[in-house]
Amino acid sequence: MDAIAHKIKEQMKVQTLIDTSIEIIHAAFIDAFSEYEVKIDMPLEKLEEMLLTRDYDPSLSLGCFEKGALIGFVLSGYREIERSMYGYDTGTGVIKAYQNRHIGSLLIERLLEVIKKRRIEHYVLEVIENNDPAIKLYEKYGFVIKRRLRCYRKDLETRQNNTIGYTKTGDASVIEGIEEDTYISFRPSWQNSLRAYRNNQDKYYFEGYEDEGRLIGYGIIHKERGDILQVGVEKGYRGIGIEEMIISDIARAVKKERVTLLNIEDKSNLQKELENNGYDNYVNQYEMWYSNP
């Protein structure tokens, strides 16, 4: 860190967000992302929902303060996955008046200290693929690109009916205990996992599809926003139009004319299905990981 950054480091106070209200975090979040490349609509209640869904942990989250005012933040989620401890960057930002003043570097440095102290084995984040400054900054601190994630959307002018003849069920208990990789051709991102769904299940609509009593596919969509959290199809049933049928069915059920699918892994089966059906790939991200030595 250069002399200017050291001076800033001395002037700023970085601490966890345990004692910081959601209202203060929200105000900083809105300011920090007011000119973001992808327009972010984030009223207070939506931020609260996002933090709940992503397992927000204020003790793993940091704020940078100047004279008591929150000017930068890292909002982190925490999960134990297969006996390993994971952190997730659910939102990092600096308010406009303080951008380009090395505060991002300061927050990352302190975050890594907390990660090591908490013995977090892996810390995961997503960054838009053309955000070169951010990517280089994360790489400087040891983050590596793990995969490319695509985001899609589509206006559903025509809707495909369930003509293939499978039995539908709205009972979400059919996915209790399933292995996601049986139905998803890639590992769902943090915010698109079944864990995220179960954290806030009332906000989502679920539809399952069975063939002679066996679950062969399912879809999960946000009731208000039309964001599709998951489309899962068993391997032997992929590539015959079931994915598009599920999307059409669940969109119709929540009365949405436009759907969005975030973080679809590059070169996955679902990516191919979406592009074959005319979905617009409007932005891409890199998933980056920091792993403790």
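The values are calculated or read from the model by the stated rules, or taken from the named source; none is laboratory data. Computed from a predicted model, the values in this text were never measured in an experiment. So basically every Cβ, Gly included, is an ideal-geometry build from the backbone, and we count neighbours across all protein chains shown. The protein model used for the area step is the full one, side chains on, heavy atoms only, and it has no ligands, DNA or RNA in it. Shrake-Rupley method; radii C 1.70, N 1.55, O 1.52, S 1.80 Å.
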- Go through the residues of the range 150-160 one by one and say whether even a single one is among the acidic types (Asp, Glu) and closer than 20 Å to Tyr36 by Cα. no
- Query: Among the residues of the range 43-60, which ones are part of a loop (DSSP other than H, G, I, E, B) and surrounded by fewer than 15 Cβ atoms within 10 Å (Cβ to Cβ)?
  - Reply: Pro43
- Query: What tally of residues in the range 25-42 results from selecting those that are in contact (Cβ under 8 Å) with a residue 40 or more places away in the chain, crowded, with 17+ Cβ neighbours inside 10 Å and of a type outside the set (Asp, Glu)?
  - Reply: 5
- So which residues in the range 249-290 are touching a strand residue (DSSP E or B) at 6+ places or on another chain (Cβ under 6 Å) and without any contact (Cβ under 8 Å) to a residue 60 or more places away in the chain, if there are any at all? Ile250, Ala253, Val254
- Task: Could you check how many residues of the range 81-104 are within 20 Å of Tyr56 (Cα to Cα) and outside any strand (DSSP E or B)?
- Result: 3
- Taking the range 105-129 on its own, how many of its residues are β-branched (Val, Ile, Thr) and more than 14 Å from Leu60 (Cβ to Cβ)? 2
- Message: If I ask for residues that are outside any helix (DSSP H, G or I), crowded, with 18+ Cβ neighbours inside 10 Å and of a type in the set (Ser, Thr, Tyr), which ones from the range 227-279 would you list?
- Response: Thr260, Tyr279
- Test: residue in the range 146-162 that is buried (at least 16 other Cβ atoms within 10 Å of the Cβ) and among the β-branched types (Val, Ile, Thr): no
- Message: For the list (1) under 23 Å from Tyr88 (Cα atoms); (2) part of a loop (DSSP other than H, G, I, E, B); (3) modelled with pLDDT of 95 or more, I need the number of the one condition that Glu224 fails.
- Response: (1)
- Query: Could you say which residue among Phe73, Phe65 is assigned to a strand (DSSP E or B) and either open to solvent by 20 Å² or more (accessible area, probe 1.4 Å) or among the polar types (S, T, N, Q) (or both)?
  - Reply: Phe65
- Message: Tell me yes or no: at least one residue of the range 245-267 is acidic (Asp, Glu) and at pLDDT below 95.
- Response: yes
- Looking at (1) open to solvent by 10 Å² or more (accessible area, probe 1.4 Å); (2) within 18 Å of Tyr152 (Cα to Cα); (3) modelled with pLDDT of 95 or more, find the lone condition where Asp202 falls short. (2)
- Query: Which ones in the range 102-128 are among the acidic types (Asp, Glu) and surrounded by 14 or more Cβ atoms within 10 Å (Cβ to Cβ)?
  - Reply: Glu109, Glu121, Glu126
- Note on the structure: Of all helices (runs of 4 or more DSSP H) fully inside the range 128-217, the set with 2 or more residues that are basic (Lys, Arg) is 132-140, 194-199
- Flagged pairs (Cβ under 7 angstrom, 6 or more apart or on separate chains; first in the range 108-137, over 12 Å from Asn292 (Cβ atoms); second open to solvent by 30 Å² or more (accessible area, probe 1.4 Å) and acidic (Asp, Glu)) are Ile128/Glu37
- When you go through (1) modelled with pLDDT of 95 or more; (2) more than 28 Å from Arg198 (Cβ to Cβ); (3) charged (D, E, K, R) one by one for Glu10, which number turns out not to apply? (1)
- Task: Would you check if Asp211 is in contact (Cβ under 8 Å) with a residue 24 or more places away in the chain, surrounded by fewer than 18 Cβ atoms within 10 Å (Cβ to Cβ) and closer than 23 Å to Arg148 by Cβ?
- Result: no
- Task: Please work out which one of (1) under 24 Å from the mean Cα position of the chain (by Cα); (2) closer than 24 Å to Ile216 by Cα; (3) surrounded by 14 or more Cβ atoms within 10 Å (Cβ to Cβ); (4) modelled with pLDDT under 95 is the condition Asn131 fails and give its number.
- Result: (2)
- Task: State yes or no: is Ser173 open to solvent by 30 Å² or more (accessible area, probe 1.4 Å) and under 27 Å from Asp89 (Cβ atoms)?
- Result: no
